Each structure stands twice: as structure tokens, then as C-alpha cells.
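The values are calculated or read from the model by the stated rules, or taken from the named source; none is laboratory data. All of these numbers come straight from a predicted model, not from anything done at the bench. Positions of Cβ are generated from backbone atoms using ideal geometry, with glycine treated the same way; all protein chains shown enter the neighbour counts. Heavy atoms of the whole protein, side chains included, go into the accessibility calculation; ligands, DNA and RNA do not. Shrake-Rupley method; radii C 1.70, N 1.55, O 1.52, S 1.80 Å.
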Amino acid sequence: MKERYEFSEIETKWQRRWDDEGLFKTEDAGGDKFYLLEMFPYPSGKLHMGHVRNYSIGDVAARYLRMTGKNVLHPMGWDAFGLPAENAAIKHGIHPDIWTREHIEAMRAQLKTLGISYDWDREVSACDPGFYKWTQWIFVQFFKHGLAYKKKNPVNWCPSCETVLANEQVVEGNCERCGTAVVKKSLEQWYLAITEYAQRLLDDLDGLHWPQNVKTMQQNWIGRSTGADVDFAIEGFGEKLRIFTTRPDTLFGVTYMVLAPEHPFVAPLTEGTEYEGDVAKFLEKLQFMSDIDRTSETLDKTGLFIGRYAINPLNGKRVPIFIADYVLMDYGTGAIMAVPAHDVRDFEFAVKYGLDIVPVIDPGPDSGIDITNLDAAFVADGKMINSGRFDGMDSREGIEAVTAYIEEQGYGVGSINFRLRDWLISRQRYWGTPIPMIYCEACGWVAEKEENLPVVLPTDVVFKGKGESPLTTSATFRNTECPVCGGPGEREIDTMDTFLDSSWYFMRYTDAHNDECFAGADKLKHWMPIDQYIGGVEHAILHLLYARFFTKFLYDKGYSPVDEPFTRLLTQGMVLAETFYRDGEGGRPQWYNFSEVDLSRDEQGRIVSAVLKEDGQPVTIGKVEKMAKSKNNGVDPEELIGKYGADTLRLFVLFASPPEKELEWSEAGLEGSYRFINRVWRIVRWAAEGTDGQQGAQHSALDSDAEKELLYAMNATIKKTTADIGTRYNFNTAISSIMEFVNAMYKVREGGGVRSELMREAAEKLVLLLSPFVPHVCAEMWEALGNVQSPLLEAWPVYDETALVSETEDIAVQVNGKLRGKIVVASGLDAQGLADAAAASDEVRAMTEGLTVVKVIGVPGRLVNIVAK
RNA sequence: GCCGGAGUGGCGGAAUUGGCAGACGCACCGGACUUAAAAUCCGGAGAUUCAUAAAAUCGUACCGGUUCGACCCCGGUCUCCGGUACCA
């Protein structure tokens, strides 16, 4: 074993050898299967620290599980369709396909330099026709079963990306990708009927071992509300107005009605009346508002009386009808009953337009609320008043009672509404899976024949970056024949949202080269579901919900053996770093990377100021924020691997924080990890060579205290590391316990008294325990210790319980709950035994001198608490 | 606003079931080695009182409660982070 730890030599050596040996290949049978998956990346061409973290976490689990004898599937692939490739085509004239392939090559190479144990034979790529054939095939199944449809609707349109966005891709009124304000545009688009699955997507969250916050986010997104649909007659109008409410108990408090401006009744109700002009103006104003404008006016609701009245079926009351921007056409029925006394929005609107406020729920005398003179809506429970036959009823019960009553009277029905909308999947883009649909004058929209799939992306396309889908510029793509009647047909020129690719890719890994189907039934049965899925919390709603939806659909149609894809989910935290900035041109902050600044610290190590290395000018110390290009606070993993090695980088990322928490970047911390690996290297080298005379090994007695101590440390470490990796995924504490073990080994080297064979055994255990975290250096040390096969093929160490029991144990002694000292007692005493031992101790007697002992509480293995006066 | 989550030394973080708060690491200080430095090995360290030691007191965002005993459970308050946003 070399004296120095030469990481770059070691890492290239082992990466090459693992590749040559095919060490990470997975067989489709045998053993206890475990499907471990990290979310596949978009091939941007460069790994960032978030990737490093995600894949390091996954690799520790994969290697550990493999050592415990599991048959582990751990694959990797590419979420390879998407806008950046197309933008590159527009800007630099590179074909997206070439751009993407180059970036995949670069990123795969980077992942290999990290030493992640992927079975590359199963690599998949969303832009590969062999893959998107099956994305199209699944789409066709959706169509065949009536769950894919085309519909004209006002949709979210990003004027900068020139594409339609799903609701999920609109973040606070802006385009998720470029931040441009989103506008509404009416277009004919393809949808998938995810709402058909709303209830099941909600119910089945219960059985998943997912972080609670992710479950809650999905619950809120699906947004189930129970209530009632109620029909209101409109004076002088033939049809009834149906509204949805979650508060039937407040029906007697309705003082006006509101229709969404787009509601189909608006035109017939106002046609030819004096209100028609104003309504038209109102609608026009809304049309030109982007979503952001509309929501920024949240506090100022605007509406318009349309000159008509509705009749409350319960009390016959005549109430005015409004249109207003705060009622949405695509939720419920697009119309509401307004109860200003008990709804925050209705209250605000009523105050603004001087409408009646009639209380029907009494908060009770203790509430301090004057119900006859409300200054805000009262939305909590109470007793029903002004509600005829329901007076005096608790409002909770009232919901059911009123619903039952309106059903009985034929005024309406109980109903359930979901916030979830159908998934808009059309994109006016080139670099995505073509939607395999053909329009025929005679047959309408028909699916391409399955045997003709994939519908391949044409290459004769012009990327202008403006106007409609680039596919329209292809001379060959659009015109085809109708698969049903053989007449002329026109292909759909939009492509699919890339979230469709990621909604099923995990199934493809089980059988990545199958030409007959998206994955063989036997392979799916063997591997699915994914036992552990790991990725960023930013996918909590979109990706994870869509993937569940796809899996349920495929399950229902008999193509998937499971109806939930991800049994366990770990959402890793973000990687954060300090930010430094100063005012640049135009008052915009100019951000600096911390390698560009010099920091000065106070005596306690706090950063007090920072100056730019370049010119010595001071910069402002910003907040700790997510690593981002725009903040110039990112670090390049490739550079760090060159400087410290992949093992050091992996170790730091795993040690600095538990996986699900945020991780604060620290180069000093990274150096600490590097030092630790070196420290391990030296002690293992010492143990391997056994030549350092200091230990006096040959002369020591068997079972000396030093040996017992070392054995205790070794077994305790195995126990703790196993629990931390295997059951808790707490890699940071696993590493710290291994560090303690290393410290114990150094103590032995210093103090002697341990036979060299035992020292060697300790070193071997250490290398195995550490190998999932830092695989390269461990492979090297393992070989130096005289072993032939890779640590990955060795069995995970098992601890010896007997080494963990000692004859005596330290027991803390408390008096009235305060720590006063310690006593040494025989191991395994029960509560009474501990109390007796304490009573027998002179030391304890001294503590309680002058006091009367009232009670003694013993906690086996831990402490004795003496309650005394 | 609503829904989640979190607040522990100078810093990242431990404390797994209500039982010795601060493991492990970073930064810092000291010692050994060295001509010297780096590296390495060993050691120190929550705060306050005290010249030091011994010792005591305080201490897990804040206020209160339950308990022999609370970072942990309960009630209230504050702050930060994340999600969501007119969903009737």
C-alpha cells in the first residue's frame, strides 16, 4: 500500500475495472429484489451539486443493499426531450438530437467519474425512438379508452417560449421555465383525463411511505371538496342556474349570485338589455389581462350587476346576479351563491358594492363577535339562525341536513368537486414525443396504427423560434393517410409535454431493450414497484402525481402489476451556498462566487466582511441561498473531483447534513472529508503492514482491556452504521460513528495492547463499512489488505452482540432531576437493583445528606433519579 | 390569507421510546514533531460567576403547563423556510 493517498490514480483504476468486470450489471432474477431509483436528469451536459447529492445518496443505498444480499436494480437514464436543446438549435443551428446526444455523453462520463454503481446496460433516453415508441403507444391506449381528448379551451400561453403550459407549469402567474407572465389564449389542445383518477390518487396516498409534506402537497393539489349543487331559478329565464357550494348550511344567507365572466348564461341573460355594452367591456378588459395582472388584483375584486335576479329555492328570496373576476369558469359550475356574512371573498365584494349581509350562523355569546354588525366574514362553525326550519341546529350538522332537504325537495344534490384539472399535454414544440394522432375529414381524430409506431420526428425541420410548431415546416411529416379509411389524413403537429416521458420511464428500465412491448410482464412483475425512489422535492406534485396516474391507468388495463409506482420516497434537500454581491450596472446586483472573494472572520470564526480578490473592494454578504447560476454561487463538481477526488466529494455531501435536509456548501468541510479519508488510509496502511513496532502487538495478552475496547468500538459501529443506513437513511450519523471508530483505532495505535491480527480485522471491517460511501479508496484498501473480490461482493459486516455487553455500566445519578454524578454498577440491573445500588453508594449518600429521600426512580442502563426533600 | 415543516454552541449538525444536551466534523486555541512552516499525532473548549482550580448557576426561539425527569408531550406567542393562492 502506498504511503500517500493518490485519489486520481485510484479512482481511474477502479472505475475502469468496474466497467470491464461489469460489476454493476443486474440479473432479472434471484434473491430478494430491491428496485432503487434516482430521478433521471435532464441532460444539460454538466452535473451540478444537486445531482451529485441525489446520486451519492442513491449509490450508498444501492451498494449497501447489494452487500446485504439484495438483488438490486439501480439504473440511470435521460429525461432527454425539452426546450434547452431546441433553444440551442434556434440559437446555434445545432440539431437538438446532436446537441442532446453530446450532452448525454458528457454527463454519463461525469457520472462515471463519481463512481455511481449504475447498470448502464439498461440506460434509457426519452428521445430515443425505441423509447418514445412506447410513450406513443401508452398515449394511444389512453385515447382508445377515452382518456385522451382534444378540446378548445382558454389555456395558459407563454409568449416567450411560445407554447402552452400546464396549470402545474404556471408559477405565480409566470412561466415556470422563463418567468415570463403567462397569458390566456384559446386553442385546441390534447388533454389526459387525470381527473377520472382524482379520488384514487387521493385515497392511495395513505398506503405510501412518503414524507408527509409531499403527501399533503398532493392532497391539496387534488383538492377534494364536498358540498352540494343547488339550482336557482332565474326570473324571466327558462333555465335554472346551478351553483356549487361547500356550505349548504349558509343557503339562507345568500344575498346575491355571481357568474364567472365566461359563463354560458352571461350572453343570453344580457342580450338586448341595457347591460349588454358594459358586460362586453368587462369581458374585453379581462381578455387582455395576463394571469399575473389578474391575481395581483386579488384584493380588489371587480364585478358587474347584469340586471337579472335569481330566486333562492329555500326561502324564495330574490337576489341580484353579478358577473365578477373572482369566480372561475373551470371550477365547480362556474357560478356561485354569495353569502357575505360567512365567506371572506363574498364579504369583501358585498362591502365594495354595498350589498346585503345577512348572518345565518351564530358564533355564540362567548365569541365576542357582533353578528348584526360584522367587520369581517365569520367562517367558523356555530348555530344556525335566520334559517327557518333549521334554526338552532349546529352548522356542522346543518351541512348534511340542508343537503338532505334540498335533495328531497329536488332543489339540488350533494356533490364533490376536485381542484385537479385534466392534464393539458400538447406543446407547440419540436423536441418532444410526437403525438401519434391523425386528423381525417371523414373519421375525425384517429390514432396511428400501433404497428406503425413510432411516429418518428422528421429531420427536415426549420427552427425559427417563432410561430407554430416547427413540425409544420417539415415537407414530409404532416400529410399521411387515415389509418381507418385510407383517405388523406393530417398528422398532429404538436408534441407531448415531457412529463409524459417521465411518467413511465421507470418501467422501461426493467426491460430496456424490449421491442414487443414497453416492458415484459415477467420483468415488471419481478421488479415493480420501486422500493425506494430518491429525488428533489420540486417534483412533489407534477412528476410524482403524473407517474402515479400513468401507473394506475396501466394497472387498470392489465399492463402493470402494481397501481402505485413508488413505495418509499426520499426527497433530498437543496444544496445551498453563501451569496456575495455588490451593485453593478443599472443598480442590478452583481453576484460573486465565494472563490472570488476573501473573507475575514472574527475570533469566533464568524464572517464579518468580504472583499473581492480581484480588486480588494468590499462586497455585501448575502443570504445563504440555493446554488444557482443567476447567483453565481454554484460550484462545479467536476472541478472539485479534480482537486479532491470523487470519494471526498461524495463523503462531504453525505456527511454534512441528513439527506432530506438542506445542505450548506463549505469548502472547509470538504477539506475535512479529504483529511478523514487520508486518516483512514494511514491507519489501514498501518494495520495492513503491521510493521510499526510501537504497538507491541506480539507481546500483548489476549483479551486485554485495549482489545475489548477495540472490539466494542468495532461492533458498536457496525450496529449503528447498519441501522443508520438500512432503516433510517441517516448517512451523516453513520459516517460520524465510523469516524469514532477510526478515532478508537488511533487510540489503540497510540496505547498498544492489541494483537496485529485483531487490528487487521478492525481495518477490514472499517473498509467494508465505509465502502458504500467512498467506494474507490475502499476498493484499493480492500485489495491492499489481501482481498481479491470487490467490497461490493462481500457480505455486509455483522456485529457480535456479546462484544457489546460489559460487566459494568455507568449510571447517571440525579437528585430531583439534576445531574449530580455517576456510579458504576453491574450491568443489567433492573429499576429496583439500581435504586439499591444507589442507596449503597457512599457518593450518593453524600449527595442526599440532610435530605429525606421520598422516592427513587431507576431507569435500567441509564440513570437513577432520587427525589428528596 | 390558508396548509406543511423547522428554530439546539462561532458554524454544519447529534441526542432512534420522555431519561447524562451539544456525539461527529468545521473553524479556533494549546502541546509534540520540525531549523521553520505545512502536513501529521495528542489535547482543550456551551455560557456566566471565580485570578485559577474546585464548585455552583444558567442554557435547546419566547411565555406557561404536565411529569420524579421535557430539545422531545400539551396550550399560547414570535421568527424563518417550503407549498399554495380568489377552488366557492
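Only one residue of A:Asn312, A:Tyr191, A:Ile234 has its Cα farthest out toward the positive end of the dipole of chain A, where Lys and Arg carry +1 and Asp and Glu -1 on Cβ, and that residue is A:Tyr191.
If you take every residue apart from A:Leu612 with its C-beta less than 11 Å away from the C-beta of A:Leu612, what net charge results, scoring Lys and Arg +1 and Asp and Glu -1? Show your work: numbers first, answer last.
Details: positive: A:Arg582, A:Lys613; negative: A:Glu596, A:Asp598, A:Glu614, A:Asp615.
Residues near A:Leu612 contribute -2 overall.
Under 17 Å of direct C-alpha separation, and excluding same-chain neighbours fewer than eight residues apart, A:Lys281 reaches these lysines: A:Lys301.
Surface composition of chain A: carbon and sulfur atoms hold 49% of the protein heavy-atom accessible area at a 1.4 Å probe. Dipole of segment A:618-668 computed with +1 at Lys/Arg Cβ and -1 at Asp/Glu Cβ about the Cα centre; of A:Pro659, A:Gly634, A:Ile621, farthest Cα towards the positive end is A:Ile621.
Rounded to the nearest 500 deg cm²/dmol, what is the calculated helix-only ellipticity per residue at 222 nm for chain A, with -39500 (n - 2.57) per DSSP H run of length n ≥ 4?
Values: 24 runs with 292 residues, N = 869.
Calculated mean residue ellipticity at 222 nm is -10500 deg cm²/dmol.
Against chain A, whose longest principal axis comes from its Cα atoms, helix A:775-784 is set at around 20 degrees.
When nucleic acids and ligands are ignored and a 1.4 Å probe is applied, A:Phe34 ends up with an accessible area of around 30 Å². Annotation: amide H-H contacts under 5 Å for A:Ile361 (H modelled 1.01 Å from N, sequence separation of 5 or more, or interchain): A:Ile385. Bridgeable lysines around A:Lys112 (alpha carbons under 18 Å apart, same-chain partners fewer than 8 residues away excluded): A:Lys13, A:Lys25, A:Lys46, A:Lys643.
Against the main long axis of the alpha-carbon atoms of chain A, helix A:646-655 sits at an angle near 70°. The solvent-accessible area of A:Cys158, taken with every protein chain present and a 1.4 Å probe, is close to 0 Å².
Could you compute the net charge surrounding A:Phe594? Neighbours are other residues with a C-beta less than 9 Å from the C-beta of A:Phe594; K and R count +1, D and E count -1.
Details: positive: none; negative: A:Glu578, A:Glu596, A:Glu667.
Within the 9 Å Cβ shell, the charges total -3.
Sorting A:Asp381, A:Asp229 by solvent-accessible area of protein heavy atoms yields A:Asp381, A:Asp229, largest first, with a 1.4 Å probe.
Relative contact order for chain A: what is it in percent, counting Cα pairs under 8 Å that are at least 6 residues apart?
With pairs under 8 Å counted, the relative contact order is 13 percent.
Taking 21 Å as the limit for the C-alpha separation, the pairs A:Lys185/A:Lys449; A:Lys184/A:Lys552; A:Lys215/A:Lys552; A:Lys33/A:Lys525 exceed it in the case of A:Lys185/A:Lys449; A:Lys184/A:Lys552.
In a reduced charge model with +1 at each Lys and Arg Cβ and -1 at each Asp and Glu Cβ, chain A shows a dipole moment near 540 debye about its Cα centre. Axis angle, to the nearest 10 degrees, between helix A:705-723 and the longest C-alpha principal axis of chain A: 10 degrees. The lysine pair tally for segment A:718-866, using Cα distances under 18 Å and a gap of 8 or more places or different chains, is 4. In summary, the lysines within cross-link reach of A:Lys240, defined as a Cα separation below 22 angstrom excluding same-chain residues under 8 places away, comprise A:Lys317. Within the assembled protein chains, the solvent-accessible surface assigned to A:Glu490 is about 80 Å², based on a 1.4 Å probe.
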